[in-house]
Structures are given as structure tokens and as C-alpha cells.
Amino acid sequence: MSQTAMQNRPVAETNTRFDVELRKVFKVFNGETVVRGIDLNIRQGEFFSILGPSGCGKTTTLRLIAGFEEPSAGEVLIRGRSMSGVPAYRRPVNTVFQSYALFGHLSVWENIAFGLRIKRQSKAEIQKRVQESLRLVKMEQFARRYPAQLSGGQQQRVALARALVNQPTVVLLDEPLGALDLKLRKEMQVELSTLHKNLGVTFVMVTHDQEEALSLSDRIAVMHDGKLEQIGTPNQIYDYPQTPFVADFIGDTNLFKGRIETTDYGMWQVRTERGLRILVKPTESLNGSMPNQVVVSVRPEKIQLSLEKPSSPINCFEGRLMHTMYLGTHVHYLVELLSGDRLTVLQPNRAKLAAEPDSPLYIYWAETDCLALTA
Amino acid sequence: MSTSTPTPSVVPKAKVSPRWQQKLGHLVGPLVLLGPPGVWLLLLLVIPTLLIFQLSLIPGIRPGQPMDGFGFGNYLNILQPIYLQVIWRSVFFALGSTVLTLLLGFPVAYWIALMAPKRWQNLLLVGFVLPLWTSSLLRAYAWITILRPTGVLNSFLSTFGLPTLDLLNRSSAVFIGMSYSFLPYMVLVLYASLEKLDKRLLEAAADLGASAPQTFWKVTVPQTLPGIAAGCLLVFIAGLGDFVVPELLGGASSMTVSRLIYNQFLGATRNWGLGSGLSMVLILAVSIAIALLIKYGDRDPESFS
Ligand SMILES: Nc1ncnc2c1ncn2[C@@H]1O[C@H](COP(=O)(O)OP(=O)(O)O)[C@@H](O)[C@H]1O
Ligand SMILES: [Mg+2]
């Protein structure tokens, strides 16, 4: 159902050119279906991320595009050309591997020149383009080194240069920053983004790091258990998740399972399993149809806290403070409602609440600040 | 060892013993550890080699004769064309069988390491190494029954109306016998190297546009070069000193250093001095090969630049 929903997204896709298309692609390994019918259109020049938890089939999907695996069913197209039966070495894509896979017997310069030499470019051309790529990833002074003599971050840059120097139609990146420490990862994120903007080449990145995907990508496909849950811009994915999995996986959220009781004044009133009544704005993507079972998602930062009973009774519940955690710029509260539900609430530090542990308080949020998702 | 080294800044006054005594103290540990194998090496390798060296300096010594004279006459003798030719032939046999085992062994090792199903790999290896468990003499005799003029090979050829081959008692038989004997060593060493090969590098090469043959020559071979060198040196060393195969399969024309040495000690010629001199030359050649093996054999491809 989520797939039909995302296909209906009103984007003018008909006259956009696609670099990569996946059509109902399946992949089975020894009877285990790892990729289950993926439909995907990746536009020319976009930074596209496939985001999902470890083991959900991201790498396999990327390998299907690169040609290291053939789909068990379905079809992969690159620039409109079917890739069925086209071996990896004939595809106009280059990969930055999860752990770089640099050639240990070749120097940095020779690693980067590898693809050009295979394509029998002239000496002058190779010299020029390798030099250019080295400059692009700021590795000029390391050209004569061997991979074993480089740090993880430097190896990462060489792997990038080795792919980019071939001027591929699509660059595939498998957890490109996964092996780097936090500070370096942030730096490389900026550089990846700059590289993408300057080169205008299509990037397809696989990652399990939602922050990385949100900050770098033009569009994200959230993958779960071999299927795509939702495709959209970072903003759409974060603010309008279409499934409970996406809401939960991207950022923090509070989820309430329930049924729709009434639909008054264009609002849905949901009665949760624990008896709370929540008002929700109807979900657009459901196109007017009203599901029976829904999951209401409220982001922690959308919830307000107050010691006195607020004037508006909408989505306002009494509870007590269980735990406070200072995160520097923000404060994280754990609240238990009278119903027994536990919620996390995130507030900016300046609005610090003068509440003791166990003290009673009220939480509330606007009906437009929560979402009803089909379970 | 390093644990017993006190940092001077911690115990500046404790250095009562003189420097040399302290140094000696540092040597005790390694000496105790190296002692037993050291004694073993001394008794079984160093002393016999020195004895042979001593014999090699006495010209024309035969059993029962007094040891008279002293000099490098035996070594000068070896420089005669007739002996140099024998040495050259030995090197030729060893080199030839090294090349043959490499050409035969690489595809086999490649297939077992990279293409055969994982659970069959060990079984396939054992199957290949099995011939090593039979006596080399037995294997040589088996080759005689196969290669002799009325042997298995020729009766097989004549049943199909093909011309028969006269292979026994010439160099071709030596190459066949040696390659057969040393192929398992080559396969084992190459397998160990190919099995360690990072398969993702092969994908990376394909990703960069390399076809399978290009990937083989530009990635697989350079990455396994240390293993190739180790296998080649191993077979070369074994081939240089091999006695059984040239003696039984090679015939009179295939005189090698090892057969010559045999003749000087136990054969008709009986010249222990010359035999010892030849042995020293062989030992030197093999030592150089082993030194090369140690230096380059067990290295990461990274440092192979
Ligand atoms: N070559 C293979 N043979 C068998 N199973 C595989 C193979 N490659 C991947 N898998 C399985 O497919 C699933 C998804 O793997 P992968 O695509 O690597 O996940 P991710 O990259 O999202 O962590 C895993 O359960 C993994 O064990
Ligand atoms: Mg992966």
C-alpha cells in the first residue's frame, strides 16, 4: 500500500530523465528473498539515498545496479537502457565500496588511473584527469603513497577519486562514511555534498545513518525488510512519514495505536488502545479513504509541556514527569500519562520547565502536529 | 623481553651493574628459548656442513686414503666445462619444472580457491596432496612403467593408431617426473595465497571496467605475487637437489649435480673431495634461494613495490 501511495506523489516525473530505474526487482539468495519487488526511479543529477536498518537489503540493491548481482526477477535500467545481461565491467557506473577495496599493490596515483588505463586513454589524458581527481579530493601530496600508508579518511578520498575519475553516469556509494569517526564523517559529508554539486553527477548512496541521509540527499528511499516503505525529499520523509516504520526509523517519535471513532469538522478523532482521544488532521496521501486501524505519530519536539492546565482541551493529557535529561541545547523529558502511555518530549533549553520528578503536569499538541498512519 | 627493561627515569639509582652485564642479562631470555633448537641445528646442520667444507678442501680424497694436501683444487675442478655443464643442466631441470608446475598449478589452485564450492575445497586439496604421501621412489617407478617404450602410454597410443613416443631416459622424462613430484607443493602454496585474496578487489576491478582477463593480470597476479614467488622458489630448490627423478627417469644423458655427488661418494668415481666441493656449491645455491624465499616469500602484497 505504501508503494501505491508513493507512486501517486504529484511530481512531474513524466518529462524528467531518469538515470537509474528499477522495475519490480527481486533478489533471492538460497531461497531467502532479500529484495522484494523494488520500484525506483532515480533522476539525473540527483543525490539519492537508500536508507534502512542493517540487513534490510541496501547493499544488495546497490550491487544489482552495479551489476555484481543479477535480479532474480524484474529489470534494472540505466539511462533508459536495460542492463539485463550487461556485465558489471560494461555498465556506466562506478562504485565507492563499503570498505574502499583499494588495490594494495598500486600507489594512490595508480589506483586512480586504473579505470582510465583499462579504457586505454592516452598518457596525457590519464595524467591530466588523475591530477584533476587528486585535486578534487585534496590528495595531491599523497599520490605516490600506497593504500596501507593512508588513514581511513584518506583511503576514502582515494576510493572516491578512483570512481569519479571515470566520469560515470552514476556514482554508487555503499556506506561511504561508515568506517570514519564522527568528526571526520561530518567533514566528509560536507565534501561529498560539495563534490556532488560541482560535478552534477547522479549519486546513489546507501546508508543506515538517517542524519547522513537527511542532510545530504535530494531524495531518500526508506527501505525495510527488502521493500521500499517511502520515497521522498528529506522534508517529506521527516514531516510526513507514510508508515509507522518510517516515522519511527527517521528521528524520534511517539506512536499510539487506535481506531478512528468520529470524523467531525474535517478532523479525525482517534481512540487509542489505552483510551486516549486524539484529534488528527486527515492524512492527504490516503486520498479521502478512511482506514479503520491507524497509528498516530507525534514528534517529541512538537509536544508542549505545562504545569497548569492549558485553556484548550485539544490533545491535552495529564501525566507526571518521570525523567529529565539535559542535552545541552535541548532538554529531553520522559512523561507518563494517566493512561499509562509513556512519551518523550523535546524542548529547547530556554523554555526549561521548573518541574520536580514525579510532579504532575500537562502535555498538549496541535492537531496539525500529529499524523495518522495506516498500521 | 621488553617487560624486563626498566625505564631509567623510574629507577635511576638501581643501575649498579655495569652496562655489559645488563646487556648479557637481556640475552639470557632469548638464549634459553633458542637453546634447544640451536643445539639441534648445531649438531645436525652446522657441524656436518663444516665437515663437508673441510673435506672439500682436500683434493682427490678416497675412502681409506690418508688426508693429504690442502687447497681449493676441488673448486677449481668444478669450473671445468664438463662439470659446469652438469650444474647448468641441474639448473635447467629445476627451472623447467618450476615453470611447468607454475603453469599447471596456478589454474588448479585458482579453481580450488576461487571457483570450487567452499565445502569441497579441503577435500580437493587433500586429493591433490595425496601423492606426497607415497614414496618418491615408488612414484618414479610408476612413471617408468608409464613412459617406457612398451609402457602404458605407448600401448595406449598404439591402440588408437598414434605414433609412439620415446620419452624415458631423456630430459622430457625428468621434466615430467619432477613436475609431477613438486606440483602438490606448488598448488598448496598458491592456494594459500589465492585463498587470502580479497575478492572485493576483483569486483572493484570489474567496476572500473576490467574484463575477467584484465582483472586476472592486473589484480589477481600482482596480489598473489608473493605466493607465486614462494611456490617457484620452493619447487626450484627441491628440483635443484632432486636425485631420484633424474637417476631413475633421466638416463645417462641427464647427469645432474645430485647424481654427480652420488657418484663421487658411492659410485664408480669415488672422489670425496670433489663430491664435497660440489655439495658446497649446491648448499650455497639452495641457501641463496631460501634467503630469497624468506625475504620475499611471506610478504603482504602492499610491501611488494
Ligand atoms: N551473496 C549472498 N548470499 C546469501 N545471502 C546474502 C548475500 N548477500 C547478502 N545476503 C543476505 O541478504 C540480506 C541483506 O544484505 P545486505 O543487502 O548486505 O543488507 P544491508 O546492506 O542493508 O545491511 C542479509 O540477510 C544477508 O545475509
Ligand atoms: Mg550493507
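Where a number appears in this text, it was derived from the coordinates with a stated rule and is not lab data. What you see is a predicted model, and the numbers here were worked out from it, not measured in a lab. Using ideal geometry, Cβ is built from the backbone for each residue, glycine included, and neighbour counts are taken over all protein chains shown.
Data overview
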| item | result |
| --- | --- |
| For chain A: span of alpha carbons on each principal axis (Å, largest first) | 77, 43, 39 |
| Choice from A:Gly31, A:Gly52, A:Gly251 with maximal GNM fluctuation in chain A (Cα, 10 Å cutoff) | A:Gly31 |
| As computed over segment B:135-187, the Cα convex hull volume per residue (Å³) | 82 |
| Segment A:333-370 versus segment A:63-97: alpha-carbon centroid distance in Å | 50 |
| Helix runs (DSSP H) in chain B reaching 18 Å along axis by Cα, Kyte-Doolittle at least -1.0 | B:19-41, B:81-110, B:171-196, B:225-241, B:272-296 |
| Three-way shape label, segment A:127-178, alpha-carbon gyration tensor, a/c 1.5 | oblate |
| Volume in Å³ per residue [convex hull over Cα atoms, computed for the protein assembly as shown] | 297 |
| Shape of segment B:66-204, Cα gyration tensor, a/c cut at 1.5 | oblate |
| GNM result for chain B, Cα springs below 10 Å: residue of B:Arg270, B:Arg170, B:Arg200 fluctuating most strongly | B:Arg200 |
| Per DSSP, loop GluC sites (Glu not before Pro) in segment A:233-287 with at most 16 further Cβ within 10 Å | A:Glu273 |
| Kirkwood-type radius of segment B:73-304, with distances r between different C-alpha atoms, in Å | 19.7 |
| Set of lysines with alpha-carbon distance to A:Lys58 below 27 Å, sequence-local pairs under 8 removed | A:Lys24, A:Lys27, A:Lys183, A:Lys186, A:Lys197, A:Lys227, B:Lys118, B:Lys196, B:Lys199 |
| Cα gyration tensor, segment A:13-99 - rounded (a/c under 1.5), prolate or oblate | rounded |
| Lysines whose Cα lies under 30 Å from that of B:Lys23, excluding same-chain neighbours fewer than 8 positions away | B:Lys13, B:Lys15, B:Lys295 |
| Residue with peak Gaussian network fluctuation, chain B [Cα springs, cutoff 10 Å], from B:Val39, B:Val219, B:Val108 | B:Val39 |
| Sequence-distant lysines (8 or more away, or on other chains) whose Cα lies within less than 18 Å of A:Lys281 | A:Lys257, A:Lys302 |
| Helix-only mean residue ellipticity at 222 nm for chain A, each DSSP H run of n ≥ 4 adding -39500 (n - 2.57), per residue, nearest 500 | -7000 deg cm²/dmol |
| Within chain B, helix-based [θ] at 222 nm, where runs of 4 or more DSSP H residues each add -39,500 (n - 2.57), nearest 500 | -20500 deg cm²/dmol |
